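Reading through the structure tokens given below for one structure.
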Amino acid sequence: MKKLLIICSFLLIGIASQAQFGSAAVFPLAQGDTLNNVDTVAKVITATTGYNAIGIQVNVNVLSGTLAGKVYLYASMDNRNYSLIDSASYASVPAGATNSVFGPSAGYTNVAVIKEIGVPFTHYLVAPTSSGTVSAQVRVSYTLRKYSTQ
């Protein structure tokens, strides 16, 4: 029984370490994760106690048209009433750029990044927008970090 508790403790520490130091969490693609003309996609990130930094990356794959728009970050304490706290514009990714999360075949052509130090809210709504004539697939990834205050 004691050995089982020790093994479980190490597994939990490993899981916590992965959450703190591992790769970003990525929302799975779902129906509605494509921006069409003037459109918005919404993803909610829940932050638990103890995190004091959040990083968000929005990757956009333009299927047709020209992308214009921004990513807006809203925050809430009750997951109902949100206030705008930040925004970022899309930046083009150089042709042939690859990364370890999506790989070379992903074809993401635009990226927006938002980082916040201090995570006082419990819910963060990420809202990529588009305007004009475009069809673009959206992928949102994020990481929450705990930094030592010592």
Top-ranked residue of region 83-110 - restricted to ones that are part of a strand (DSSP E or B) and at pLDDT below 90, ranked as least open to solvent (accessible area, probe 1.4 Å): N110
Among the listed residues Y147, Y74, which satisfies the condition of being under 23 Å from T48 (Cα atoms), of a type outside the set (D, E), in contact with a strand residue (DSSP E or B) (Cβ under 9 Å, 6 or more places away or on another chain) and modelled with pLDDT of 85 or more? Y74
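Scan region 2-29 for residues that are modelled with pLDDT of 50 or more and loosely packed, with under 10 Cβ neighbours inside 10 Å and report the count.
The total comes to 1.
Residues checked against (1) open to solvent by 40 Å² or more (accessible area, probe 1.4 Å); (2) under 18 Å from L144 (Cα atoms); (3) not charged (D, E, K, R):
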| position | (1), (2), (3) |
| --- | --- |
| I45 | no, yes, yes |
| Y51 | yes, yes, yes |
| V58 | no, yes, yes |
| L63 | yes, no, yes |
| D78 | yes, no, no |
| N81 | yes, no, yes |
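The values are calculated or read from the model by the stated rules, or taken from the named source; none is laboratory data. Small disclaimer: the values here were computed from a predicted structure and weren't measured. Positions of Cβ are backbone-derived with ideal geometry, glycine not excepted, and every protein chain shown enters the neighbour counts. With ligands, DNA and RNA removed, areas are computed over all heavy atoms of the protein, side chains included. Shrake-Rupley method; radii C 1.70, N 1.55, O 1.52, S 1.80 Å.
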